[in-house]
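Here the structure comes first, spelled out in structure tokens, and everything after it is commentary.
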Amino acid sequence: MKKKKVNLRDLEPKEAQGEHSHDDGHNHDHGDGSSFKTYIPALVSFVMLIVGIAVDYFDAIPQFQGWIRILWYTIAYLPVGFPVIKEGWKSILRGDVFTEFFLMSIATIGAFAIGEYPEGVAVMLFYAVGELFQNAAVNRAKGNIKALLDVRPNEALVYRDDDFISVNPESVEIGEKIQVRVGEKVPLDGILLSEKGSFNTAALTGESKPDTIAKGDTVFAGSINLDGVIEVETTKEFKDSSIARILDMVQNATARKSKTELFIRKFARIYTPIVVFLAIGLTLLPYFFVEDYVFRDWLYRALIFLVISCPCALVISIPLGYFGGLGAASRNGILFKGASFLDAMTQVNTVVMDKTGTVTKGVFKIKEINAITFEETELMKYLMAMEEQSTHPIAKAILEYKADGSDYQATNVSEVAGRGLKGTVNGKTVLVGNKALLTSNGIKVPTETDGVVESIVMVSIDGTFAGYVTIADELKDDAHQAIEQIRNSGISKIIMLSGDKDSITQQVAKELNIDWAKGGLLPEDKLNEVEKLKEQSDIRVAFIGDGINDAPVLAASGVGIAMGGLGSDVAIETADVIIQTDQPSKIARAIKIGRSTRRIVWQNIGLAFGVKVIVLILGAGGLATMWEAVFADVGVALLAILNAIRLQKMKWQDS
């Protein structure tokens, strides 16, 4: 699938571009929420309203009555009321009649029609102030995207025509050499050409600890160079760099609505017209049932009813709550691809995980050397000479052994499929591989090797068993902590599925206190195991893998979680959640963030509905005024927003 070119402006949230989305099909402009100019209309209306009320109350100016009083309150109304009426009219022209703009316009114009001028101004003023606060809250909640945008590099020093010249990063091609000075951002993904480098990757991973890498290691765009001038050979175009992919993914996450958001959105479209017709009924129907019917009184009650019914608190605070969760997760080095996955994470009760690259480092190390007929160093010289002919990860681990003065050369090396290598070193026939290789060549293997759980490399020299080396993958530093935290977060079952030897898988599972494990699996075998689990109606599965060979299972799971997503394109494309820091201990934190987000969203729903129902009943009975109506609408919206903002301040401690 061809990727769309990532544009900086396109990636900015609408709120950062001056738009504010109510998520109910209409937008309106509030400015950037930070400029003093955006508050001037509200300030003018507020000052005029206070002066008008004071003059009314103290009767300080006898002439303040009739058309002068009407004109005063009309001028006070226009700065905050005209933009809303304008948006309401635009919505009607688009065929979208029952919006909050329509409700607020009818309610406040109606208040003027029955002579309740201060209430009409006050309702619209508080609505406008609420909108300003909402806009500021949305901008604050999306601050993490703005921070990433700030990290996005805007120039690159590329080596061309025997000199480093400054160019736009989008013009740099793969394979070109770029220079990054101290304090500058790395503009594109690449390979470090300098001997070493130290980088601040906080914007990418959420980790403040500097990352030190060596020559030949990968450097990610958006990292800040901390130590000396470095040179990097680019491996990706600007649009495909890590920072661009993360920005694209986080921005797109806001478009993936949760079921709760989608329900509220549909509900508001049905709920609003119903309330409008109820308000009409509340105005007219009492004429047939009430003896002392006064049209003005019942119209006033209906106007209160309309103000209270405005669904702003729901359509603003719920998406804001979810985005607050997405932002909080991103700051913790966890990227959710959408609000729907925040919800899905709260329902997970079974965690299935891969072994290599998930709870282990995926880097093989020599664990033990057992030399029998040769000295250890001598045995390793023979073994290393053979393994130099192989590209297997185990061969790389063996070649890390330090053997001074090794000048042994292997010749006539051939690979025996699935068993190992056969060749000649210093005129001696050498076999390197598993037990099957040696026994098939008539070599007697000691029985002690049968009890070795780890990967084992056996060596035979001139027909004699010379010794063996055990190779093991190391557990990640936080592996034990991760399993304990996942269990403490309420997960009832933890399962390990691995392509490694079953004996090794069982050993790791036992060490980490994992409930059930199975090794020796191909990717399709893992998929089959997860499908079996999904067939059980009471199980909700999250699969955790390294994002490369686990792509089929990540895609099939209820929630697919990929480790180390920065370096894996497959993880970005397939997984639902990316753990950027490659730390399994972040998984429990992702679950906690999902639960905190859902809890706050439902608190907001309960608050909005509860207060509105109470004040609606009071308003219909004539026991509530416009001031209570303002609280039920704008006040509740602000309380819900403040509650959602709490997600930005929360700390999810590892426990």
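Would you mind finding the one in GLY490, GLY499, GLY463, GLY520 that is among the small types (Gly, Ala, Ser) and surrounded by 15 or more Cβ atoms within 10 Å (Cβ to Cβ)?
On the way: GLY490 fails: surrounded by 15 or more Cβ atoms within 10 Å (Cβ to Cβ); GLY463 fails: surrounded by 15 or more Cβ atoms within 10 Å (Cβ to Cβ); GLY520 fails: surrounded by 15 or more Cβ atoms within 10 Å (Cβ to Cβ).
Going through GLY490, GLY499, GLY463, GLY520 in turn, just one is among the small types (Gly, Ala, Ser) and surrounded by 15 or more Cβ atoms within 10 Å (Cβ to Cβ): GLY499.
In the set (1) crowded, with 22+ Cβ neighbours inside 10 Å; (2) part of a loop (DSSP other than H, G, I, E, B), TRP652 fails one condition alone, (1). Taken over segment 210-219, the criterion of being modelled with pLDDT of 85 or more and either open to solvent by less than 50 Å² (accessible area, probe 1.4 Å) or over 14 Å from ASP189 (Cβ atoms) (or both) is satisfied by ILE213, ALA214, LYS215, GLY216, VAL219.
With the requirement that a residue be of a type outside the set (Asp, Glu) and either within 17 Å of ALA42 (Cα to Cα) or outside any helix (DSSP H, G or I) (or both), what does segment 101-117 give you? Before the answer, list the steps.
Keep residues of segment 101-117 that are of a type outside the set (Asp, Glu), which gives 101-115, 117.
Correct list: PHE101, MET104, SER105, THR108, ILE114, GLY115, TYR117.
Contact map, segment 411-424: first residue open to solvent by 60 Å² or more (accessible area, probe 1.4 Å), second residue modelled with pLDDT of 90 or more and among the basic types (Lys, Arg), Cβ cut-off under 9 Å, separation 6 or more or different chains; pairs are ASN412/LYS422; GLU415/LYS422. Within segment 575-612, the set of residues being aliphatic (A, V, I, L, M), part of a helix (DSSP H, G or I) and either under 21 Å from MET353 (Cα atoms) or out of contact with any Gly (no Cβ under 7 Å at 6 or more places or on another chain) (or both) comprises ILE587, ALA588, ALA590, ILE591, ILE593, ILE605, LEU607, ALA608, VAL611. The set of residues in segment 577-620 that are touching a helix residue (DSSP H, G or I) at 6+ places or on another chain (Cβ under 8 Å), of a type outside the set (A, V, I, L, M, F, W, C) and within 30 Å of ILE114 (Cβ to Cβ) comprises LYS612, GLY619. Do the conditions hold for PHE336, that is, is it within 27 Å of MET458 (Cα to Cα), in contact (Cβ under 8 Å) with a residue 60 or more places away in the chain and not acidic (Asp, Glu)? So PHE336 fails the test. The set of residues in segment 571-603 that are more than 17 Å from GLY333 (Cβ to Cβ), open to solvent by less than 40 Å² (accessible area, probe 1.4 Å) and modelled with pLDDT of 85 or more comprises ILE600, VAL601. Kindly indicate whether PHE98 is at negative phi, part of a helix (DSSP H, G or I) and open to solvent by 20 Å² or more (accessible area, probe 1.4 Å). No: the conditions fail for PHE98. Does at least one position in segment 355-362 carry a residue that is charged (D, E, K, R) and within 19 Å of LYS592 (Cβ to Cβ)? The answer is no; no qualifying residue exists.
For the condition open to solvent by 10 Å² or more (accessible area, probe 1.4 Å), without any contact (Cβ under 8 Å) to a residue 24 or more places away in the chain and not polar (S, T, N, Q), what is the one hit in LYS444, LYS534?
LYS444
If the condition is being open to solvent by less than 40 Å² (accessible area, probe 1.4 Å) and modelled with pLDDT of 90 or more, then segment 372-392 contributes LEU379, MET380, LYS381, TYR382, LEU383, MET384, ALA385, MET386. Residues in segment 170-184 include at least one that is at pLDDT 70 or above, surrounded by fewer than 23 Cβ atoms within 10 Å (Cβ to Cβ) and in contact with a helix residue (DSSP H, G or I) (Cβ under 6 Å, 6 or more places away or on another chain).
Per the listing ILE548, ILE561, ILE494, ILE504, the residue uniquely within 30 Å of VAL452 (Cα to Cα) and at pLDDT 90 or above is ILE494.
Of the residues making up segment 604-649, those that are open to solvent by 40 Å² or more (accessible area, probe 1.4 Å), of a type in the set (A, V, I, L, M) and within 18 Å of VAL123 (Cα to Cα) number 4. Within segment 27-83, the set of residues being of a type in the set (S, T, N, Q) and either open to solvent by less than 70 Å² (accessible area, probe 1.4 Å) or at pLDDT 90 or above (or both) comprises ASN27, SER35, THR38, SER45, THR74.
Any residue that is modelled with pLDDT of 80 or more and under 16 Å from the mean Cα position of the chain (by Cα) - is there at least one of those in segment 607-614? No, segment 607-614 has no match at all. Of the strands (runs of 3 or more DSSP E) that lie entirely inside segment 392-496, those containing 2 or more residues that are in contact with a Phe, Trp or Tyr (Cβ under 8 Å, 6 or more places away or on another chain) span 428-433, 455-461, 464-475.
The values are calculated or read from the model by the stated rules, or taken from the named source; none is laboratory data. Bear in mind that the values here come from a model prediction, so they are computed numbers and not experimental data. We place every Cβ from the backbone using ideal geometry, glycine too, and count neighbours over all the protein chains shown. Please note that ligands, DNA and RNA were not included when accessible areas were found on the heavy atoms of the full protein model with its side chains. Shrake-Rupley method; radii C 1.70, N 1.55, O 1.52, S 1.80 Å.
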